[in-house]
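Everything below concerns the one structure shown next.
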Amino acid sequence: MSLNRRLSIPKRSVFKDLEVVRFGSQVAVRYNGQLYWGTKASPILSSLLTAPDVERRVGENVFGPTPPNAFVGEYGYPKVMVGPLVSVSDCMDADFFSSPASWYGRDYGEIVGFATSLVRGKKQHAVSEQSVFLSQLQDSVLSSRSVDVEVDFTKRPTFSYNFSPTSQPMGPSGDIRRFKLVGNPVISPKVDALVEEKLLVRKALPELLKRFDFYYIQKILSAGVLGVNKKLVPTKWSITASDDMIGKQLLQKVREYPHINDFRIYSNTFLDNHFEILLLPGAWEFEQFESWAPSTPWAVQSTGAIEHEYEPFAGRTKYAESEGGGYYAGRLGVIEALHRMRRQARAIVFREIGEGYTVPVGVWEVRENSRHAMQTPPTKCSTLREALAVLATRLKRPISAYIEKSTILRQRRLNEW
């Protein structure tokens, strides 16, 4: 006998019609009467949909370290749910949770476990309002290492299974009755100075990039501590905004660098996400393809089409709607590499998502896949024809399907062929 349970998914989600179906110890996702079974990742889906140990260890009072991190929701903006993330893991240092870059190379199940072992407190708060609660929360986020906090919940936190191809799984959450910063946060004097100077984000960014990584910058942007009219920024928005702003900052230099003079192909695969990145001679242009395996639950409402986004030398003016935050995360990895090389190029990212990617872990995976691809020794080719022949052996989709949609590959330059 099957045990069915409707997934708790926001109504605006394209996944609102997905349903979890259990047959004994096996778990599947049903859509339009068809079952989609996990392959090698099915234990991940199964463990995520059963009551995890972490939920049983959490009561109405939680004392522990915050990585440091906070979560700012987007629904109901400008009044949103905001609160700390608190580690209840017995086997992992809380600082490990502060940067997903350190998760790269870990087992799929471990990564889902990392994400779901953080308890999330929630309290409704206007994004422009100041309060003692928010001040303590901001201090905890600004800390360069984990700091102890205590949270009293109105009732025991519980899991809510909200699935998205761009957001990572989350642990149990509950409404906050009382929040207290117990430990002493360690805040960089430079960050303190930038906050006190009330610098706008775009003016503070160059200084932050000299000292801190992407994940710390994203967190302080979300915490709303910079600028004159300080505002909380929903976590999801702040991730994409950080990818976009940092990319644009670096592009100011990249656009001035000399062009590469050959064709280079960089490759990487992690969490059943396969990346091929092609650099071509010429002034900066960028496009990214995204192709989900038709058998994945996250592709059930699509026709298996290849998503595509493009930007010219001057940049884009509209949000990359079809790929969302993944576009900006993939682009950042390429821009960072070109900045290190002190070169510019036209760049194409091919992202093929396999059927094993059953539980999306967030756009950090796209960013880290792109970064690691650009750190591998490239395959160098003398012509575009040769480069496309190499790509044809590495991609599951026919290269002709990509050429048909591509802006860059359909540019005919005599010296490339």
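No lab work stands behind these numbers, since they all come straight from the coordinates. Small disclaimer: the values here were computed from a predicted structure and weren't measured. Here the Cβ is made from the backbone with ideal geometry for all residues, glycine too, and neighbour counts use every protein chain on show.
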Dipole moment magnitude, nearest 20 debye, the range 264-417 about Cα centre, only Lys, Arg, Asp, Glu C-beta charged: 680 debye
Does the range 305-380 come out rounded, prolate or oblate, given a ≥ b ≥ c as the square roots of the eigenvalues of its C-alpha gyration tensor, rounded meaning a/c under 1.5 and, failing that, prolate meaning a/b above b/c? oblate
Show log10 I(q)/I(0) for the range 204-308 at q = 0.16, 0.19, 0.24 Å⁻¹, two decimals, from a solvent-free Debye sum over equal Cα scatterers. -1.02, -1.13, -1.22
From the Cα centre of the range 69-133 to that of the range 368-385, the distance in Å is 33 Å
Of the beta bridges DSSP finds with both residues in the range 263-416, what % are antiparallel, to the nearest 5? 75 percent
Full-extension gain between Thr158 and Arg211, please, as 0.36 nm times their residue separation minus the C-alpha to C-alpha distance. 15.3 nm
Calculate how large, on average over all directions, the projected area of the Cα convex hull of the range 130-232 is; give the answer in nm² to one decimal. 7.8 nm²
Sort Ser406, Ser242 by Cβ crowding within 10 Å, fewest neighbours at the top. Ser406, Ser242
Just check the range 51-181 against the gyration tensor rule for me: Cα atoms, a ≥ b ≥ c as the square roots of the eigenvalues, rounded for a/c under 1.5, and otherwise prolate or oblate depending on whether a/b exceeds b/c. rounded
Students often forget the sequence filter, so: which lysines lie under 23 Å Cα-Cα from Lys253 once same-chain residues fewer than 8 apart are removed? Lys203, Lys210, Lys318
